[in-house]
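Below is one structure, written out as structure tokens; the observations come after it.
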Amino acid sequence: MELAWYALLGLFFAGYLVLGGYDYGVGLLLARRGATAPGHATTPGDARARRAALTAVGPFFLGNEVWLVAAVGILFGAFPTLEGELLSGFYPVVLGTLAGVVLVTAGVQLRGRAGGEAARAGWDRIVVLGSVLAALGWGALLGGLLQGVPFTADGHVAGVGHVVTPFVAATGLTLVALVALHGATFLTLRLSPTDAPALARLARGLVPAALTAVATATVLGLLSDRVRAAVARPAVAVLLPLALVVALLMARAALRRGRAGVAFAATATALALPVPLVGAALWPRVLVATGDPATSLTVAEAAASRPTLALLGWLVLPLVPALLGFQAMCWWVFRGRIDGRAPVYW
């Protein structure tokens, strides 16, 4: 039963990285598409580009956040011990990540109520900052889990110094690069055909940056004694960067051929893969003790009691198909590209 709940937690978190990932990717691209020189007003073209980008993501924005709410709910209800250790042992990362999520949500919602282009540009900068914090934080959290954490004698995560390592920083930057590429492929798929070629070129240009980030994180992981000691299945851990490279190369090839849907599927795969592969590389442990792996926190130890999981199952059972159905319906209703006649959501 613990394995089923662990898989469900991974499903929702991976789904959130894919769906929320293009929200944050579009937010990151606002820095480029809406950039202006200091002391100069935003040009109408820049304003139109920012508005079009946010209109493209508008119908999906709040629905994508539901996946994070569901993942956090499962973490709190089904894995209370893991939740407590993550909040205490990774609180700078968690705090920065949640601050980024709040900034993106507030910025997107409030920019539409701003009185002029200058005010909207200010909210756009807040969205960019929030997108950086959110993407960096989720990547750092995955890197921290893969690296392992120090434990105290009584079995709790010791301090927060383990989040300040080159490997954790590299994994955070890798997710930022993947998210930016994912956002660009999403806009290539959603914006008008006249905008698509320029966005495809932008997305292709982001692929080398993402490949460099993946390679850097991989090298630092191989050089890290803590990462090598924490990984229970090295073959699975090695599979992660290889799969990411394949997905990124497939995305670039699809963009070159004008197949935006295939490119989006490839970047979505690149964002979904780290969650199950990190979980599989650490299994059956979820928090690996760097000093003595035998004292690590396992999935079974982190889970709630069997009666609690059974009760939660009756609550979650009808919600999972409802959420999946809603997401499918949303994508079906708002499928296709937008044009100048599309409603302005933000």
Of the accessible area of the chain, with the probe set at 1.4 angstrom, what percent is carbon plus sulfur? 72
Length gained, SER192-ALA294, 0.36 nm per residue minus C-alpha separation, equals 31.2 nm
In square angstrom, what is the accessible area per residue of the range 55-205 with a 1.4 angstrom probe? 35
Taking P(r) over Cα pairs in 20 Å bins from 0, in percent as the quantity of interest, determine which of [x] 27, 51, 21, 0; [y] 32, 61, 7; [z] 31, 56, 13, 0 was computed from the displayed structure. [z]
Through the Karplus equation 6.51 cos²θ - 1.76 cosθ + 1.60, θ set to phi - 60°, convert the phi angles of the range 200-210 into ³J(HN,Hα) values in whole Hz; use x for Gly and Pro. 5, 5, 4, 5, 4, x, 7, 4, x, 5, 5
Can you find, among VAL238, PRO197, ALA294, the residue sitting farthest towards the positive end of the charge dipole of the chain, where Lys and Arg contribute +1 and Asp and Glu -1 at Cβ? PRO197
About the Cα centre, charge dipole magnitude for the range 217-343 (Lys/Arg +1, Asp/Glu -1 at Cβ), debye: 620
Is the range 228-346 rounded, prolate or oblate when judged by the Cα gyration tensor, a ≥ b ≥ c being the square roots of its eigenvalues, rounded requiring a/c under 1.5 and prolate requiring a/b larger than b/c? oblate
For VAL320 and ALA118, calculate 0.36 nm times their separation in residues minus their Cα-Cα distance, and state this gained length in nm to one decimal. 68.5 nm
Reduced to Cα centres, the span from the range 197-239 to the range 1-30 in Å works out to 18
Please give the per residue volume of the convex hull enclosing the alpha carbon atoms of the range 150-250, rounded to a whole number of Å³. 119
Leaving out ligands and nucleic acids, note down the accessible area per residue over the range 225-346 with a 1.4 angstrom probe, in whole Å². 55
Given charges at Cβ of Lys, Arg, Asp, Glu: the chain dipole, positive-most of LEU98, PRO276, ALA254: ALA254
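The values are calculated or read from the model by the stated rules, or taken from the named source; none is laboratory data. What you see is a predicted model, and the numbers here were worked out from it, not measured in a lab. A quick note on method: Cβ atoms are made from the backbone with ideal geometry, for glycine too, and the neighbour counts reach across all protein chains shown. All accessible areas refer to the heavy atoms of the entire protein, side chains included, with ligands and DNA or RNA removed. Shrake-Rupley method; radii C 1.70, N 1.55, O 1.52, S 1.80 Å.
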